[in-house]
Amino acid sequence: MSKKIEWIAPLKGIGILAVVAGHVYSGDLQALIFVFHMPLFFFVGGFLLKPKTHYLENLKHKAVVLLVPYASFLSLLYGAQVLKRLVANPDFSIANLVQLALQPLFAGHLFLGITSVFWFTGCFFLTQQLANYLVSKLPMKTLWLIITVFLGASYGNYLWFPTLRLPWSLNVLLGATPIYLLGFLFAQVSSRRRYYLAALPICIVTAFYIFGDLVLSGSYGSLPYDMKFGIYGIPGLSLIAALGIVVALIGLCEQAVVWTPRLAGGFAYIGNASMVIMYVHVPFLFVLMGWVASHELLTLLSLVGSLVTQALLQRSQWGRAFFLGSSADLASVTQNWPSPRKLLKLT
């Protein structure tokens, strides 16, 4: 395995830890986390992009990897949300029940509570497919034009049409696709050392801006991203801050793999479980918040609970097939299932 690939899992580990901490902490730390934690995953996705020209085959493969676990976790967690609402309010009308049933189809910003993170999967999947098509069809120079146009459109949505939010976070593709494409272009750079050196002062300035703004005005300014709601901070500057932190973390993880392999291995273990952690850490937080006051302990327990969930799912073929995105296990489990065509004939 090449060094370029070895740092991916530790970086994802840092990213998902930031996601968990961002849901626990508030104030200056949360503001700093919200600058980079979502852009990190889109940037890494772009970095790993290997353009495929068999678009339907690629779509099917990514659907198994991303959408099957998405549907499995959503069925359990959204089902629990619906059941809780029905128990709390048994006088729900038919219209209310239809609305609850249809809400997951619209996804995006409508996901709240224990399903609040589910906006990401649909947005990431669509960004992945769009970026693959653009990269496989267009020359590098044209990609820069696409990045510029999409960024301009995303800022237009953010500044002038902030209430325009589409199903499956389609409007967020305008802000996510440029970051994904920038990740792809960054992967084409043969020597990235100068980028790491340039990223360090950006990180320092970003931290000083957030903490300094807190001291001077008692607020955190508008630098942080909140991609779920199409909020992109200070146009241009927030993107530079996000990319600066992400690139600095890439350089850090590259060195950690060499200098401190055990530490890097620990973050890699967490990174390899990032999808499960994303889905289940919020339910753990909702359960634990009534019992645990310490932010540090709350973060740790929700992380441990998520890792235990990952380990249990890994032990089961059905768990791997439906919750971990294993295409081989899914094919094995469903090989004897009747096809949709056969079911239609039976009816």
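The values are calculated or read from the model by the stated rules, or taken from the named source; none is laboratory data. Everything numeric here is computed off the predicted structure, so don't read it as measured data. Positions of Cβ are generated from backbone atoms using ideal geometry, with glycine treated the same way; all protein chains shown enter the neighbour counts.
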For the stretch 233-282, give me each residue that is among the charged types (D, E, K, R) and either under 15 Å from the mean Cα position of the chain (by Cα) or closer than 10 Å to W7 by Cα (or both). E254
Taking the stated definitions as given, is A293 part of a helix (DSSP H, G or I) and either surrounded by 17 or more Cβ atoms within 10 Å (Cβ to Cβ) or of a type outside the set (S, T, N, Q) (or both)? no
Residue check, A107 of a type in the set (G, A, S), at pLDDT below 80 and under 16 Å from A71 (Cα atoms): yes
Return the residues of the stretch 114-146 that are closer than 17 Å to W168 by Cα and among the small types (G, A, S); say none if nothing qualifies. S116, G122, A131
What about H23, is it under 24 Å from T177 (Cα atoms) and either at pLDDT 95 or above or buried (at least 17 other Cβ atoms within 10 Å of the Cβ) (or both)? no
Any chance the stretch 99-107 includes a residue that's in contact (Cβ under 8 Å) with a residue 60 or more places away in the chain, surrounded by 14 or more Cβ atoms within 10 Å (Cβ to Cβ) and within 23 Å of R165 (Cβ to Cβ)? yes
Looking at the stretch 123-140, is at least one residue in contact with a Gly (Cβ under 8 Å, 6 or more places away or on another chain) and among the polar types (S, T, N, Q)? yes
